[in-house]
1. Cross-link partners among aspartates and glutamates for Lys33, C-alpha distance below 12 Å, same-chain residues fewer than 8 apart left out?
2. Would you tally the net charge around Phe213, using a Cβ to Cβ cut-off of less than 15 Å, leaving Phe213 out, and scoring K and R as +1, D and E as -1?
3. Using a 10 angstrom cutoff on alpha carbons, build the Gaussian network for the chain and name the most mobile of Ser111, Ser203, Ser243.
4. Show me the ranking of peptides 191-201, 16-26, 71-81 by mean Cβ neighbours inside 10 Å, starting with the highest.
5. As a check on your grasp of the helix formula, calculate [θ] at 222 nm for the chain: sum -39500 (n - 2.57) over DSSP H runs of n ≥ 4, divide by the residue count, round to the nearest 500.
6. Under a cut-off of 18 Å between alpha-carbon atoms, report the aspartates and glutamates in cross-link reach of Lys187, not counting same-chain residues fewer than 8 places apart.
7. Which label belongs to the value computed from this structure, given these candidates for volume of the Cα convex hull per residue in Å³: [x] 167; [y] 180; [z] 118?
Amino acid sequence: MAERAKVAFVFPGQGSQNVGMGKDLYGSYSAAKEVFDEADAALGFPVSRLCFEGPEEELIKTNNVQPAVLVTSLACLSAVQQSSNYLPLPSFVAGHSLGEYTALVAADALSLVDAVLLVRERGRLMYEAGQKNPGGMLAIIGLDREAIEDICLQSGTDVSNINCPGQTVISGSVEALAKARNLAKTKGARGLVPLRVSGAFHSHLMEPVISEFSEIISNFAFQPPAIPIIANVSAEPLNDVDSIKEELVRQLRRCIQWQHSVEYMIDNGVAAFYEIGPGVVLSNLIKRISPEAQIVNVSGIESIAQLAHLTISN
């Protein structure tokens, strides 16, 4: 059994969704059903049905997918807590972009209802920003940081996600991304992958909604986290309410430092990462960051059943 200082829980963000996510949990665990039912009541529409049945074109809308992924991740966490004594206590929690809100709930810094309502508003504002200033996000594979910074400087794009060695995401206007793509090809990028999002998230094109989002956050009740949350922007722990609020506002505009967040946790003794929620996006990134790290994916009833046989080594 792992000691507390050896484990971190990490939660996925937008892009990890799939139609059908959480359905097996809803039918098998009362704790997961309660999470979905509470979210449905808070939002005033059945986000659970959207998760279970789609349609995909509705699920992937920014204002829908953000609460959907958050709720599914929390249902996974609740299900495993209900079903097993094998889930160790984490020393840290963290989430990728949207997943940071899931981490806040897991750390008892924000209630489920408030988190669902807040990410619904976040998704709405991000979508509106994308409509006012059309843009997107592009993953660049195989170029170093210096080359990507030069591409951003020449194209007018921003570095938006530092995910793992060799994978960086940039954001910008449609025209800027087209220029960046050509520059990346010239510099020898191994891969260029457009992300399925409705705007240039974590970039200067989110500036028009920062003020409104800051005002919205001020209306929600936060608590000091029971577990340190590793911030996306600084890759350092969030330990108080003021730093949490500041982080959430900055995160909308600033780069997600996922690689550095994982490295911080490893440097502070974490040997195993539990990715809790749909998909395996974070598991794959962590493997690239630290091949020695143990990774456990908790996304459904089969993975929960396997926890009984899991051994975490020091």
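Just so it is clear, none of the values below were taken in a lab; they were calculated from the coordinates. Values in this document were obtained by computation on a predicted structure and should not be read as measured data. Cβ coordinates were reconstructed from backbone atoms using ideal geometry, including for glycine residues, and neighbour counts include every protein chain displayed.
1. Correct list for Lys33: Asp24.
2. Computed value for this residue: -1.
3. Ranking Ser111, Ser203, Ser243 by mean-square fluctuation puts Ser243 first.
4. 71-81, 16-26, 191-201
5. Here the helix-only value at 222 nm equals -14500 deg cm²/dmol.
6. Asp144, Glu146, Glu149, Asp150, Asp158
7. Evaluating volume of the Cα convex hull per residue in Å³ on these atoms matches [z].
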